[in-house]
Amino acid sequence: MSLLKDIATLGQLPALLRLKKGMTPRPEDVKDCFGARVEANAANLGTQSAIVCEGKELNWIEFNGLSNQYANAFKAQGLDRGDTVCIMMENRIEFLALLIGLNKLGVTAGLLNTNLTGRSLKHCISVIEAKKCIFGAEVIAAVAEVQGELELATGTDFLFVSDASCDDVSCPEWALDLDTLQQAAEAVNPPETGDNTIGQTALYIYTSGTTGLPKAAVMSNRRYLISADMSGTAGLKTKPGNRIYLCLPLYHATGLLLGVGSSLTTGAGMFVRRKFSASAFRSDIRDNNCTHMVYIGELCRYLTNIPGETGDAQIPLHSIMGNGMRPDIWMGFKQRYGIQRICEIYGASEGNVAFANLMNKDLTVGMTSAEVVLVQYDVDQDEIIRDNQGRCIEVRKGDAGLLLGKITPDTVFEGYTDPQATEGKILRNALSDGDAWFNTGDLMRVVDVGFTLGYDHYQFVDRVGDTFRWKSENVSTNEVGEIINGFDQVKFCNVYGVEIPGADGRAGMASITLNDNVTSLDLEEFSSFVRDALPSYAVPVFLRIDADIDVTGTFKMLKGDLRKQGYDIEQIDGAVYVMKNGETVYTTLEADYVEALDAANAGF
């Protein structure tokens, strides 16, 4: 069996060699962009299927033509290379055609999370200095709430796109009807596309980072195309005639880079679902002959838990790529659905390093060609361990350590729109004088997976610091904490993530100290406050009331013991509350519900 696995590893060499050629750094002035890849597909693949969504199918000529109509409509509105716009829209054909049309012109698109409202939404639009706000009818309520507070002109700077799923919503008087503008525009390729370079900023993809409001991570054409070429050529291994199943939100990098990117760079078709549905998964795959899929771990856990059906292992799906596939479900998911290839990846929207399991090894995020190092990290104190010279200390092979990616001319850290936030993610003089490293904020370890052509393979261990992942979203503990501190009964709070058996990521929990004159928390009022002020995924699942907050000598909040105790009411002296799955008000956490949580029977 070991020999067969080694032979299979050697079989990856052709793809790896093509990948190495595709990922060799190219000068920033090289002319290329993902809009140009769509034009090439229209010229070379013509009538082959490009995209299927909600009963509508476009071939590459039609998809390119729709993108051109949007591009030419934007030109008529005065948009030009170097301008920035924001887009808020759910997964559908129009969303992708808009992105491609903007990219053809060299206009940067900021991709807004469709869960955003209020303060966070206003910030995300303003921080990139967007000249236009493009939005779908499905999110009109959120945009309408903030449109009067933005530095955008009513009647001209808001562009409305209708949605068949809410046909009773029409263009408001404070926006332009983009459908009308698009239909009147020509479908010819705009000449600007041929002059776009890989060094230009293509996208802003928002990340909650580790502090404050969401940050806009810079995504150049170069980084998009490197990721797309990697996933299409050596990850999913797609080609014309294949079809990729996409049900992740496309404002996130995983679906947009790995899935859409593979399609644009290899010519494979896409099946796009607006939102993930576990019950529709198998019929979607069979009816549309989807051979490839982009995933996140939480999605795979859902699909592992649904009742089995005869023929699960015979669905057309055979190759998947994504992130967050946890070891406890990896092999079961692979065997149940007859998956031949799992290409787990690791990376961050703003990061300068990426890992990919290109050799199809089990239980690993694979390898990287970038220079990385794992250094010792004190999880309880939430800080890097340093030697007496102030240098970081490398871990022994096999031990978990904080992952750092070296910043070099070939592995540039493009950072955020905020220079201070960018600098905050860089460790300088970490191992030697003058060096600079991107701090990923994640713990990883090197694992033995057998013959690997000389490459170390890595396994994700945990996220550290002030960010945790829940409901497929990054949650900033500092941002949530600042908002909770604004409630009039709260003196201070410490927010962190805790594990719930059977759930991917970590559920939010807040340790709250009440003001001196407050004897008990008004649960109904507090519940309403956090649900109005926070996206649903950021609302803490658990609350605990403590007499004080533990801090270090430099007043940094300690989270280690709190994480260890989790929601175990036997270890917590004060009151503990939970917002149960599907409910909207916190209630007292009782022992029987703790048992349901521990048995993975609470619906999370």
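A compact table of results
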| item | result |
| --- | --- |
| Residue in region 292-307 that is closer than 25 Å to Y537 by Cα, among the acidic types (D, E), in contact (Cβ under 8 Å) with a residue 12 or more places away in the chain and in contact with a Ser or Thr (Cβ under 9 Å, 6 or more places away or on another chain) present | yes |
| Residue in region 415-432 that is buried (at least 19 other Cβ atoms within 10 Å of the Cβ), in contact (Cβ under 8 Å) with a residue 12 or more places away in the chain, basic (K, R) and not assigned by TED's automatic domain parsing to the domain that holds T207 present | yes |
| Check on D378, surrounded by fewer than 20 Cβ atoms within 10 Å (Cβ to Cβ) and within 15 Å of V461 (Cα to Cα) | yes |
| Some residue of region 348-362 being in the same structural domain as I205 (by TED's automatic domain parsing), over 17 Å from the mean Cα position of the chain (by Cα) and either modelled with pLDDT of 95 or more or among the aliphatic types (A, V, I, L, M) (or both) | no |
| Filter result for the condition that a residue is of a type in the set (V, I, T) and over 30 Å from I205 (Cα atoms), over T304, T265, T310, T254 | T310 |
| Hey, L236 aliphatic (A, V, I, L, M) and either touching a His at 6+ places or on another chain (Cβ under 7 Å) or within 30 Å of N289 (Cβ to Cβ) (or both) or not | yes |
| Test: V143 is of a type outside the set (S, T, Y), closer than 28 Å to E62 by Cβ and surrounded by 19 or more Cβ atoms within 10 Å (Cβ to Cβ) | no |
| Matching residues, region 121-132, being surrounded by 23 or more Cβ atoms within 10 Å (Cβ to Cβ) and either among the polar types (S, T, N, Q) or assigned to a strand (DSSP E or B) (or both) | K132 |
| Those residues of region 486-528 which are of a type in the set (F, W, Y) and in a loop (DSSP other than H, G, I, E, B), in sequence order | F487 |
| Residue match in region 343-358 (condition: more than 18 Å from A228 (Cα to Cα) and without any contact (Cβ under 8 Å) to a residue 40 or more places away in the chain) | no |
| Every residue from region 450-482 that is surrounded by fewer than 19 Cβ atoms within 10 Å (Cβ to Cβ) and more than 20 Å from the chain's Cα centre (by Cα) | G450, F451, T452, L453, G454, Y455, D456, E482 |
| Residue match in region 206-213 (condition: closer than 18 Å to A97 by Cα and touching an Asp or Glu at 6+ places or on another chain (Cβ under 7 Å)) | no |
| Qualifying residue in region 105-114 (condition: closer than 28 Å to C247 by Cβ and more than 21 Å from the chain's Cα centre (by Cα)) | yes |
| Test for Y295: is it aromatic (F, W, Y), at pLDDT 90 or above and within 21 Å of V365 (Cα to Cα) | yes |
| Filter result for K215 (among the basic types (K, R) and at pLDDT 95 or above) | no |
| Pair list, Cβ < 6 Å and 6+ apart or interchain, from region 577-599 residues that are closer than 14 Å to A510 by Cα and touching a residue at least 60 places away in the same chain (Cβ under 8 Å) to residues that are small (G, A, S) and in a helix (DSSP H, G or I) | Y586/S527 |
| Pairs with Cβ under 8 Å, 6+ apart, first in region 510-531 and without any contact (Cβ under 8 Å) to a residue 40 or more places away in the chain, second surrounded by 14 or more Cβ atoms within 10 Å (Cβ to Cβ) and in a helix (DSSP H, G or I) | A510/V480; A510/G481; A510/I484; I512/I484 |
| Some residue of region 64-84 being part of a strand (DSSP E or B) and assigned by TED's automatic domain parsing to the domain that holds C166 | yes |
| Every residue from region 363-383 that is out of contact with any Lys or Arg (no Cβ under 9 Å at 6 or more places or on another chain) and free of Cβ contacts under 8 Å to residues at least 40 places away in the same chain | D378 |
| Selection count where residues are under 28 Å from Y204 (Cα atoms) and part of a loop (DSSP other than H, G, I, E, B), scope region 322-365 | 13 |
| Flag for S263 being buried (at least 20 other Cβ atoms within 10 Å of the Cβ), in contact with a strand residue (DSSP E or B) (Cβ under 6 Å, 6 or more places away or on another chain) and modelled with pLDDT under 95 | no |
| Enumeration of residues in region 75-109 that are touching a Lys or Arg at 6+ places or on another chain (Cβ under 8 Å), among the hydrophobic types (A, V, I, L, M, F, W, C) and within 23 Å of Q147 (Cα to Cα) | L79, V85, C86, V107 |
| Residue in region 245-255 that is more than 27 Å from T117 (Cα to Cα) and either among the hydroxyl-bearing types (S, T, Y) or in contact with a Phe, Trp or Tyr (Cβ under 8 Å, 6 or more places away or on another chain) (or both) present | yes |
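One line per residue, one yes/no per condition, for (1) surrounded by fewer than 21 Cβ atoms within 10 Å (Cβ to Cβ); (2) within 25 Å of D418 (Cα to Cα); (3) modelled with pLDDT under 95; (4) touching a helix residue (DSSP H, G or I) at 6+ places or on another chain (Cβ under 8 Å):
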position: E149; (1), (2), (3), (4): yes, yes, no, yes
position: L159; (1), (2), (3), (4): no, no, no, yes
position: A187; (1), (2), (3), (4): yes, no, no, yes
position: G199; (1), (2), (3), (4): yes, yes, no, yes
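The values are calculated or read from the model by the stated rules, or taken from the named source; none is laboratory data. Owing to the predicted nature of the structure, the values given are computational and were not obtained by experimental measurement. When we count neighbours, we look across all protein chains shown, and the Cβ atoms used for this are built from the backbone with ideal geometry, even at glycine.
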